[in-house]
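Below is one structure; the comments refer to it alone.
The values are calculated or read from the model by the stated rules, or taken from the named source; none is laboratory data. This structure is a prediction, so every number in the text was calculated from the model and none was measured. Backbone-built Cβ (ideal geometry, glycine too); neighbour counts: all protein chains shown. These area figures cover heavy atoms from the full protein model, side chains too; ligands, DNA and RNA do not enter into them. Shrake-Rupley method; radii C 1.70, N 1.55, O 1.52, S 1.80 Å.
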Amino acid sequence: MTNCNMLVALAAASICLAGCSDKPASGESDPVTSESLNVGVDKSVVDSGKMAASNSIAENIAGSPNHKMLHGTLQAAGLVERLGGDGEYTVFAPTDAAFVQIPPVTREGWMLPAQKQVLHAILNHHVVRGRIDSAELERLVDAGDGAAKLKTLDGRDLWIRRSGASYILTSGSGNKAAITEADLAQKNGVVHIVDAVLIPAT
């Protein structure tokens, strides 16, 4: 796929996502309480899908009943090996319910071999190097007077802001996702569950 085609595909994905989501705009998401964020809690088994701290990110996502679509896209993009390796990562993991917000034709298109680079870019927009737990996210946001910029795996910007009791991520294209469950410890990092798929800028 040429760079031009990739940009067109990402733009189309952003338009489709913006048009189909029922999520409110920035600052209007349902509040996420400190309890639902599990701030500071290290849980080896969680309601979101038996994520064991002794397993890698890739293993836990593969075994989670709420992340089947994420696992499938990671396989299609060739990212399972990276998230199963030794490097430490922070993953903002969209649930199956988050993927369902995207039109089926768009999701199916991402899985085609010709769209591998597009899918790779989208998934990389959910991964940050290093282990960034909720305490560190809070520190970064406080230091930034309510907002902090994270660098995703491919070097793009991902913003995190506090909105009441919630932490809201804003992608490069401007769509938003709330952290609904935090600090799921992994052997090679940490997972935070989010309620939308983040689309990078074109």
Asp86 to Asp145: extension gain in nm, 0.36 nm per residue of separation minus the Cα-Cα distance? 17.9 nm
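Give the accessible surface of the stretch 72-125 per residue, rounded to a whole number of Å², with probe radius 1.4 Å and ligands, DNA and RNA excluded.
Counting only protein heavy atoms, the per-residue value for the stretch 72-125 is 43 Å².
Ignoring ligands, DNA and RNA, what percent of the accessible area of the stretch 108-202 is carbon or sulfur (1.4 Å)?
Numbers: 1880 of 3660 Å².
Solvent-exposed carbon and sulfur of the stretch 108-202 make up 51 percent of the total.
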Please give the peptides 61-73, 173-185 ranked by average Cβ packing (other Cβ atoms within 10 Å per residue), highest first, as a rough proxy for protection. 173-185, 61-73
For the ranges 88-100, 137-149, 190-202, what's the packing order if you count other beta-carbon atoms within 10 Å of each residue, average per peptide, and put the highest first? 190-202, 88-100, 137-149
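Taking a threshold of 24 Å on the Cα-Cα distance, which of the pairs Lys68/Lys151; Lys116/Lys149; Lys68/Lys149; Lys151/Lys187 fall above it?
On the way: Lys68/Lys151 26 Å; Lys116/Lys149 27 Å; Lys68/Lys149 29 Å; Lys151/Lys187 21 Å.
Those over the limit are Lys68/Lys151; Lys116/Lys149; Lys68/Lys149.
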